[in-house]
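Here the structure is laid out as structure tokens; the discussion comes afterwards.
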Amino acid sequence: MSVEINSEQWLKGILSFYYNNFKHLMTILGSIIILTVGVVRAQMPLASYPQQRPGFNEIVAKTKTSPADDSILINAPQELGLIFPKDVHLVKLILRDESHEWVDFNFRYSPRKGDDFNWPLPGLKKSDYYTAEWAILEPNDRLIRGSFSFSFGEGAERPSLIRELEEMALRTRNGEDENTRFVTPPRTKIIIDRDPPVIDPPFTIRLDAGNPD
């Protein structure tokens, strides 16, 4: 009987020893895991997201136009002008009236860079206003767009005011509220028994231009 009791106590002692050591070992392993995870996280680089370069809005804001944006002229302008704050590749320049009808003034893309551009205009017919839209290409192939509007003649109003009044009238007529917006579609021409005038698109590349800078 004494031998059985001693054997049972000896077995309990061994189990208690290993159990206590196992708890101690698990505590050490847990601390090592937590420490390792913390070190790995500290060494991982933070996720980076592409940000818009600050020069994007600066170029548009510092670009000077002729005529000036939202201006009222006495007579129709004789030319369009753009002065950029640095040398750029001008890849687009179009002129349209308020009904989105294009005006052909012989703009052609040139691979040469520049900061001062001027184009003579044909005689412009009377219209509520005209809008010029331009685009330049940055060295990293980023496209920057801008536009400016003007009106001319007796009784002319600022383009911004005309657009605002047109938008208000359309919303009132269509029963719309401040959460909806109606966009006027471009005017469609129906041509019968004659060929339309041939006008090169504004992106035609002049192949005989000199070497680009």
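The values are calculated or read from the model by the stated rules, or taken from the named source; none is laboratory data. In this text, all values refer to a predicted model and were calculated from it rather than measured experimentally. We place every Cβ from the backbone using ideal geometry, glycine too, and count neighbours over all the protein chains shown.
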Completion exercise
For segment 118-136, the count of residues that are in a loop (DSSP other than H, G, I, E, B) and either at positive phi or not basic (Lys, Arg) (or both) equals 7
Practice task
Starting from segment 101-115, keep only residues that are closer than 24 Å to Ser127 by Cβ and in contact (Cβ under 8 Å) with a residue 40 or more places away in the chain, then list their pairs with residues that are among the hydrophobic types (A, V, I, L, M, F, W, C) and assigned to a loop (DSSP other than H, G, I, E, B) whose Cβ atoms are within a distance under 6 Å, requiring at least 6 positions of separation or different chains.
Solution key: Asp104/Ile199
Handout entry: Filtered residue count, segment 78-102, keeping only those that are crowded, with 17+ Cβ neighbours inside 10 Å and either in contact with a helix residue (DSSP H, G or I) (Cβ under 6 Å, 6 or more places away or on another chain) or part of a loop (DSSP other than H, G, I, E, B) (or both)
Key = 1
Handout entry: Qualifying residue in segment 119-127 (condition: more than 24 Å from the chain's Cα centre (by Cα) and polar (S, T, N, Q))
Key = yes
Problem - Checking Gly155 against (1) more than 30 Å from Arg108 (Cβ to Cβ); (2) surrounded by 15 or more Cβ atoms within 10 Å (Cβ to Cβ); (3) more than 26 Å from the chain's Cα centre (by Cα); (4) at pLDDT 80 or above, the condition it does not meet - result: (2)
Exercise for the section: Determine the pairs where a residue that is touching a residue at least 40 places away in the same chain (Cβ under 8 Å), located within segment 116-129, has a partner that is among the polar types (S, T, N, Q) and part of a strand (DSSP E or B) with Cβ atoms under 6 Å apart, the partner being 6 or more residues away or on another chain. Expected result: none
